[in-house]
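Structure record follows, encoded as structure tokens.
Bear in mind that the values in this text are calculations on the coordinates, not laboratory data. Note that the coordinates shown come from a computational prediction; the quantities given were computed from them, not determined experimentally. All Cβ positions, even for glycine, are placed from backbone atoms using ideal geometry, and neighbour counts span all protein chains on display.
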Amino acid sequence: MAEKKKGAETSSYAPGSYAIDIGIDAKQRKLIAEGLSHLLADTYTLYLKTHNYHWNVTGPMFNTLHLMFEAQYTELALAVDLVAERIRALGHPAPGTYKEFVKLASIKEVNGVPKAIDMICHLVKAQEATARTARELFPLVNAANDQPTADLLTQRLEVHEKTAWMLRSLLED
Ligand SMILES: [Fe+2]
């Protein structure tokens, strides 16, 4: 009788209980999915904050900021999908309610409608916070040899750091 190898096909398929065997153990997949859930919550919160400011910005920089915020929230709306679907590919449910996002996010919500300059400051802080959340995950992801998550995190870091720089530049003379 042939010896059963790890990853070998078996005939023991039971609907609803198909085991994941991608070469990352269950404990590491769970920890990475949890980390990505924090990133999803921060990205979604940043998305909503940016869209909110697109709607409510006023003042002499209206046109610049209204359009800049639109480009940013459009990119973030696509990014949340990539983060959520990576969580699913690792075998875990993606959080998708405001209640969960408030609990998981490191970005705090701001009351009222800030002045344009304060909106920019809040967005710099939120972009940087999201970058930190992504960066914190790297040791775990590298140890698990999880290249797709590392690639996703690298792309997210590039966007958040570049956007933070562009927003920060608006605050300088
Ligand atoms: Fe709009």
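Projecting the Cα positions of TYR73, LEU48, HIS38 onto the charge dipole of segment 34-135 (unit charges on Cβ atoms of Lys, Arg, Asp and Glu, taken about the Cα centre) puts HIS38 furthest along the positive direction.
Note on ASP81/ASP21: beta-carbon distance plugged into 1/(1 + (r/R0)^6) with R0 of 41 Å gives a FRET efficiency of 0.95. In this Cβ point-charge picture (+1 for Lys and Arg, -1 for Asp and Glu), segment 11-145 has a dipole of about 280 debye about its Cα centre.
Take the Cα of ALA89, step 7 Å along the line toward its Cβ, and report every residue of segment 127-170 whose backbone nitrogen sits under 13 Å from that point. In segment 127-170, the label zone of ALA89 (backbone N under 13 Å from the point 7 Å along Cα→Cβ) covers 146-155.
Counting lysine pairs in the chain whose alpha carbons fall under 15 angstrom apart, excluding pairs fewer than 8 residues apart on the same chain, gives 6. Could you give the distance between the Cα centres of segment 77-115 and segment 117-173, to the whole Å? Their Cα centres are 14 Å away from one another.
Sort the following peptides by mean Cβ neighbour count (other Cβ atoms within 10 Å, averaged over residues), highest first: 65-77, 35-47.
Numbers: 65-77: 17.5, 35-47: 24.7.
Put in order of decreasing packing, that is 35-47, 65-77.
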